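Inspection log for the structure reproduced underneath, given as structure tokens.
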Amino acid sequence: MKLRKRVFKITLKDKDSVEEFVNRLLQELKIDQSKIDVRGNTVTITLYGTKDIIAYNWQIVRNLAEEITYLKSLEKVKLKKYVHNILQKHAETTFPLDSLSEVLKAKGYIVRLEENTLVSDAPLDIVVHYAKILGKALQNLRTYTRSSSTKKFLATLAAILETEDLDEVKRLGLEEGVLVENEIGHVILTVEWKQALNKILKK
């Protein structure tokens with residue numbers, strides 16, 4: 001099958017954006033043959049493949065350029081709008097947006113939730129830091145409970161305390177009576193998860 005060749009150009013605002021774009025592109029492109037050239041703030045991407053493969057990878061290029069441009073624009077405003085799916089991709093983990101909201105509030109940041117968006121004065125590196133803790137905690141909580149709200153409570157508290165010791169987080173919940181343990185050793189909340197969180201944080 002004869003391979004097609006398509007050349008695309010993307011211009012970004014600054015050198016840092018170009019460097020991040022190229023590094024991410026090298027990781028994310030799903031194509032056997034490609035060529036990337038950089039001149040100033042313009043990146044030229046040459047793709048070789050079938051029509052469908054080129055179209056798929058061009059979408060990767062466009063999405064990545066939009067993501068980096070969007071994240072860079074956050075640096076210039078006080079209240080930043082963090083779109084959930086872009087934030088999850090950037091943090092390379094999944095997490096509930098309302099959990100992240102509670103963590104940032106506990107850390108003293110301005111926070112409000114809009115549809116699939118977190119609005120906050122917290123800088124991107126801080127937001128990503130806590131998102132990563134949340135995501136890791138949620139992955140490690142499968143042996144602690146089957147309840148999604150209980151997982152949310154435990155992960156949020158772990159992120160606020162900045163600890164990976166989930167046994168300690170569980171112990172705090174049991175001591176305060178917001179968690180109970182069942183016959184197979186799983187824990188479950190006795191109150192709504194935000195109420196449980198507030199009770200412990202007041203202590």
| note | With a Förster distance of 30 angstrom and the Cβ-Cβ distance between ARG142 and GLU183, calculated FRET efficiency to the nearest 0.05 equals 0.95
| note | Hydrophobic long helices for the chain, i.e. whole DSSP H runs reaching 30 angstrom or more by Cα along the axis with Kyte-Doolittle mean at least -1.0, come out as 51-73
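In Å², what does the accessible area per residue of the range 9-102 work out to with a 1.4 Å probe? Don't skip to the answer; put the middle values down first.
On the way: 5410 Å² over 94 residues.
Normalised by residue count, the accessible surface of the range 9-102 is 58 Å².
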| query | Placing +1 at every Lys and Arg Cβ and -1 at every Asp and Glu Cβ, with all other atoms neutral, what dipole size does the chain have around its Cα centre, in debye to the nearest 20? | reply | 960 debye
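Could you give the length gained on full extension between LEU113 and ASP125, defined as 0.36 nm per residue of separation minus the Cα-Cα distance, in nm? Spell out each step's value before the answer.
Values: separation 12, 0.36 × 12 = 4.32 nm, distance 1.88 nm.
Working it through step by step, the gained length comes to 2.4 nm.
May I ask you to derive the relative contact order of the chain, considering only C-alpha pairs under 8 Å and at least 6 residues apart, and to give it as an integer percent?
Working: 272 pairs, mean separation 28.2, N = 203.
It comes to 14 percent, rounded to a whole number.
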| request: Quickly rank 79-92, 171-184 as a protection proxy: mean count of other C-beta atoms within 10 Å, highest first. | output: 79-92, 171-184
| message | Cut-off 17 Å, label point 7 angstrom out along Cα-to-Cβ of ASN41: give me the residues of the range 53-79 whose amide nitrogen falls inside. | response | 65-77
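Compute the FRET efficiency between ASP16 and LYS78 as 1/(1 + (r/R0)^6), taking r as their Cβ-Cβ distance and R0 = 25 Å, and round to the nearest 0.05. Please list the in-between numbers first.
Details: r = 21 Å, r/R0 = 0.83.
Calculated transfer efficiency: 0.75.
If I compute solvent accessible area with a 1.4 Å probe over the protein chains, what percent of it on the chain is carbon and sulfur?
Values: 5600 of 11770 Å².
C and S atoms contribute 48 percent here.
Over 27 Å between Cα atoms: which of LYS78/LYS107; LYS107/LYS170; LYS72/LYS202; LYS72/LYS203 fall into that group?
Numbers: LYS78/LYS107 17 Å; LYS107/LYS170 21 Å; LYS72/LYS202 36 Å; LYS72/LYS203 38 Å.
Violating the 27 Å limit, Cα to Cα: LYS72/LYS202; LYS72/LYS203.
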| 1.4 Å probe accessible area per residue over the range 113-184, in Å² | 50 Å²
| said: Can you compute the modelled spin-label distance between LEU26 and THR94, with each label point 7 Å from Cα toward Cβ, in nm? | reply: 3.0 nm
| request: Pull up the cross-link candidates among the lysines for LYS35, meaning alpha carbon to alpha carbon under 20 Å and not fewer than 8 places away within one chain. | output: LYS2, LYS5, LYS9, LYS15, LYS51
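The values are calculated or read from the model by the stated rules, or taken from the named source; none is laboratory data. Since the model is a prediction, treat every value here as computed from it, not as a measurement. Reconstructed Cβ throughout: ideal geometry from the backbone, glycine too, with neighbour counts over all protein chains shown. Note: areas computed on protein heavy atoms with side chains; ligands, DNA, RNA excluded. Shrake-Rupley method; radii C 1.70, N 1.55, O 1.52, S 1.80 Å.
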